[in-house]
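Everything on this sheet refers to the single structure shown next.
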Amino acid sequence: MSDIKVFNRWTVDGISVSDPGLVNYITLEPKILPKTGARYAGNRFHKSNVFIVERLVSKLMNSGHKSKKHFMSSGHNTGKKNSALKIVEKALAKVEAKLKQNPLAVLVKAIENSAPREEVIAIEYGGARYPKAVEVSPQRRVDLVLRYMTQGAYVKSFNKKTKVEDALAEEIITAAQASVKSAAISKKRDLERQAASSK
């Protein structure tokens, strides 16, 4: 596949996406320097062509919204990409040390396990709002799981003794094992439970 190694350490050879819905949305083509620099931000769906580790790094710099508020905007979450790259590299190294597997394969498995298939939207009829279950598009599934993983890692490490790379490594491992200890897995189950009750 590719002679380029991720962080000059890990190869993507032999790693494949087993979820048919996500095959076109999890890109496993590493770059020598994973810094696209928002070059394609205006192009629709281009982020699906960005290497999945770079997307995790980008999400770590700015972990999205929670309850219509910006989640965290201090600490590591300040948009410094070199810092985020170092955090992800250390986290992947810890995953490899713990599981004795290629950490990129573990990351792909974690994303597949944690990507929600259904969520709830509100539909308004005559002034009243009703919940309705909808299927989640593949691109949004990947976006959501990256957000939940980074937010889960920050919750475990922000203003605590746990380092963010340890928290992120733990989040990736527990998500790959489909354990409820993972913030992404528990959030996915909550979403799908709400969707099932709104049908």
>> Running a GNM on the chain with Cα contacts under 10 Å, which residue among ASP143, ASP166, ASP19 ends up with the highest mean-square fluctuation?
In response: ASP19
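Taking Cα atoms of the chain, Rg/Rh with Kirkwood Rh, to two decimals? List each step's numbers first, then the result.
Values: Rg = 17.0 Å, Rh = 17.5 Å.
Over the Cα atoms of the chain, Rg/Rh equals 0.97.
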>> Of the candidates GLU89, GLU29, GLU124, which one comes out as most mobile in a Gaussian network treatment of the chain with C-alpha springs shorter than 10 Å?
In response: GLU124
> How big is the Kirkwood radius of region 137-199, worked out from every pair of different alpha carbons and given in Å to one decimal?
Replying inline: 12.2 Å
> To the nearest 0.05, how large is the calculated FRET efficiency for ASP166 and ASN82 if R₀ is 22 Å and r is the Cβ-Cβ distance?
Replying inline: 0.65
>> Take LYS5 and ARG140, extend 7 Å from each Cα along the Cα→Cβ direction, and tell me the distance between the two endpoints in nm.
In response: 4.0 nm
> What's log10 of I(q)/I(0) for region 87-199 at q = 0.16 Å⁻¹, Debye sum over Cα points only, no solvent?
Replying inline: -0.72
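Calculate for the chain the 222 nm mean residue ellipticity that helices alone would give, adding -39,500 (n - 2.57) per DSSP H run of length 4 or more and normalising by residue count, nearest 500 deg cm²/dmol.
-14500 deg cm²/dmol
Which value, in debye to the nearest 20, gives the size of the charge dipole of the chain about its Cα centre, when Lys and Arg are +1 and Asp and Glu are -1 at the Cβ?
Working: 36 positive and 19 negative charges, 143 e Å.
Around 680 debye, computed over the chain.
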> Anyone know which of THR78, THR174, THR150 comes out most mobile in the 10 Å Cα GNM of the chain?
Replying inline: THR78
>> Over the Cα atoms of region 1-95, what radius of gyration and what Dmax do you get, in Å?
In response: 14.4, 43
> Got a sec? How would ILE185, ILE4 order by Cβ neighbour count within 10 Å, fewest to most?
Replying inline: ILE4, ILE185
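The numbers here are math on the coordinates, done by the rules we state, and not lab data. What you see is a predicted model; the values in this text were computed from it and never measured. Every residue, glycine as well, gets a Cβ built from its backbone with ideal geometry; the counts of neighbours run over all protein chains shown.
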